[in-house]
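The values are calculated or read from the model by the stated rules, or taken from the named source; none is laboratory data. Model, not experiment: these values are computed from the prediction. All Cβ positions, glycine included, derive from the backbone under ideal geometry; neighbour counts span all protein chains shown.
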There are 2 protein chains.
Amino acid sequence: MRFFDCKTAPSPRRVRIFLAEKGIDVETVQVDLASGEQFGDEFRAINPDCVVPALELDDGSCLSEVIAICQYLEDQHPEPPLLGSDALERARISMWNAKVEQQGISAVADAFRNTVRGLKGKAVTGPEGYEQIPELAERGRRRVLQFFRRLDGQLADNRFVAGDTFSIADISAMVTVDFARWSKIDMPEDATNLRRWYDEVAGRPSAQA
Amino acid sequence: MRFFDCKTAPSPRRVRIFLAEKGIDVETVQVDLASGEQFGDEFRAINPDCVVPALELDDGSCLSEVIAICQYLEDQHPEPPLLGSDALERARISMWNAKVEQQGISAVADAFRNTVRGLKGKAVTGPEGYEQIPELAERGRRRVLQFFRRLDGQLADNRFVAGDTFSIADISAMVTVDFARWSKIDMPEDATNLRRWYDEVAGRPSAQA
């Protein structure tokens, strides 16, 4: 099994934290996104979508998409459970992880990818070129702040994003907060539940991954 | 258990097809998206994100997000499996469903929501207002066609989207193709694998849901 990572990128970091929480050691290959290594023939043969993370399995096939990789790892290494222990918990975690991806991560990515100079003509991940849309960056900024408010409300009644236990939804949300800082977007000062939660999850050893 | 649906909308249709494939009967409540019923106090108390589908459970709590609802239903009604039968199949289906959501459905939604007159000031689902961005609609159109090419390649070697068996990934992809037609985007004429697959899945009785 080989894990294709980029040490500086937010999406593979979700998998790195997941691996750290599970205590799984896996052969890791760094893909240099800054120099465009993901578009080269070698990596394209592994993942035609040209994105990390990717997990190459022993049969040579490849898994991409964070949630699919984590699901596979959870099946192989059930403890500690990060995707839930019963049907209802699994569904709630899946729901919150999806909300974080759609309302959080994708909004941060809109804000970031549509403004930074280095991504001109590359505003969408993957092999095809797309021009930046400044209005979309602005929309992204507004959506991120709206999402932080939403999350603050959820965390008023819950220790973790999906309830009483730490899960993939916390990993995804913590990475969202850190990724947002790349675009100078921070948690609102008065989002006290969100800040209390962030301090707890960012204090776990896995957050260094 | 109550299923909050809107008969004309693509996202809840994914759950309707899932229910039909499983042969599950559930009390269904229609939410009139056209008149803005999703923003009213009654539905907002059920799902503060103001979107369908939503599944209200017997304890009064609510699940939203298609994948979470389907996961819960699969746990309660395992046969026929639509999320996979072993670890690798589960991961592959999860991966393809995620690709369809990110590369397909979200691109179609960008194309649709940023152009139609009825969604002026409502370009993003949910309770907050967002203006339409015509450039994003154009980007969406390009991305949909790119995704159709990608899917055509996958279906050259596979009967179904995630391999040999019909799954949630097929449901999501079929709904993407039908939703794209709302914006007059169709499968390319020469995408023969995609068209062969579409004819097969659209011919299943569940596609009428």
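Evaluating residue B:164 against the criteria (1) more than 24 Å from residue B:111 (Cα to Cα); (2) charged (D, E, K, R); (3) crowded, with 20+ Cβ neighbours inside 10 Å leaves one unmet condition, (3). The helices (runs of 4 or more DSSP H) found entirely in segment B:60-131 that carry 1 or more residues being more than 19 Å from residue B:160 (Cβ to Cβ) are B:66-76, B:106-113. Would you mind stating whether residue B:73 is farther than 23 Å from residue B:183 by Cβ and more than 8 Å from every other protein chain (Cβ to nearest Cβ)? Yes, satisfied. Checking every residue in segment B:52-68 against the condition of being closer than 22 Å to residue A:114 by Cβ and among the aliphatic types (A, V, I, L, M) gives zero matches.
For segment A:132-174, the set of residues classified as among the polar types (S, T, N, Q) and either in contact (Cβ under 8 Å) with a residue 12 or more places away in the chain or in a helix (DSSP H, G or I) (or both) consists of A:132, A:146, A:154, A:165, A:167, A:172, listed by residue number. Whenever a residue of segment A:8-20 is closer than 23 Å to residue A:35 by Cβ, its partners that are buried (at least 22 other Cβ atoms within 10 Å of the Cβ) and among the hydroxyl-bearing types (Ser, Thr, Tyr), lying with C-beta atoms within less than 9 angstrom and at least six residues away or across chains, give the pairs A:10/A:176; A:14/A:172.
The numbered conditions (1) away from every other protein chain (no Cβ under 14 Å); (2) surrounded by fewer than 16 Cβ atoms within 10 Å (Cβ to Cβ) are all true for residue B:153 except (1). Take segment B:33-53 and flag every residue that is polar (S, T, N, Q) and within 11 Å of chain A (Cβ to nearest Cβ). The answer is B:47, and nothing else. The single residue among A:21, A:56, A:89 that is acidic (Asp, Glu) and more than 14 Å from chain B (Cβ to nearest Cβ) turns out to be A:21. The set of residues in segment B:39-59 being in a helix (DSSP H, G or I) and without any contact (Cβ under 8 Å) to a residue 40 or more places away in the chain consists of B:41, B:42, B:43, B:45. In the set (1) on the phi < 0 side of the Ramachandran plot; (2) surrounded by fewer than 21 Cβ atoms within 10 Å (Cβ to Cβ); (3) within 19 Å of the chain's Cα centre (by Cα), residue A:126 fails one condition alone, (1).
Only one residue in B:191, B:202 is touching a residue at least 12 places away in the same chain (Cβ under 8 Å), over 26 Å from residue B:69 (Cα atoms), among the hydrophobic types (A, V, I, L, M, F, W, C) and out of contact with any Ser or Thr (no Cβ under 9 Å at 6 or more places or on another chain), so which one is that? Just a single option satisfies the conditions, and that option is B:191. One residue alone among B:41, B:49 is surrounded by fewer than 22 Cβ atoms within 10 Å (Cβ to Cβ), assigned by TED's automatic domain parsing to the domain that holds residue B:23, farther than 28 Å from residue A:69 by Cβ and not aromatic (Phe, Trp, Tyr), and that residue is B:41.
Scan segment A:17-38 residue by residue and report those that are assigned to a helix (DSSP H, G or I) and among the aliphatic types (A, V, I, L, M). Across segment A:17-38, the qualifying residues are A:17, A:19, A:20, A:33, A:34. Taking segment B:111-146, which residues are within 18 Å of residue B:100 (Cβ to Cβ), within 10 Å of chain A (Cβ to nearest Cβ) and in contact with a Lys or Arg (Cβ under 9 Å, 6 or more places away or on another chain)? Passing the criteria: only B:125. For the criterion of being more than 8 Å from chain B (Cβ to nearest Cβ), at pLDDT 95 or above, under 30 Å from residue A:141 (Cα atoms) and surrounded by fewer than 20 Cβ atoms within 10 Å (Cβ to Cβ), residue A:10 passes.
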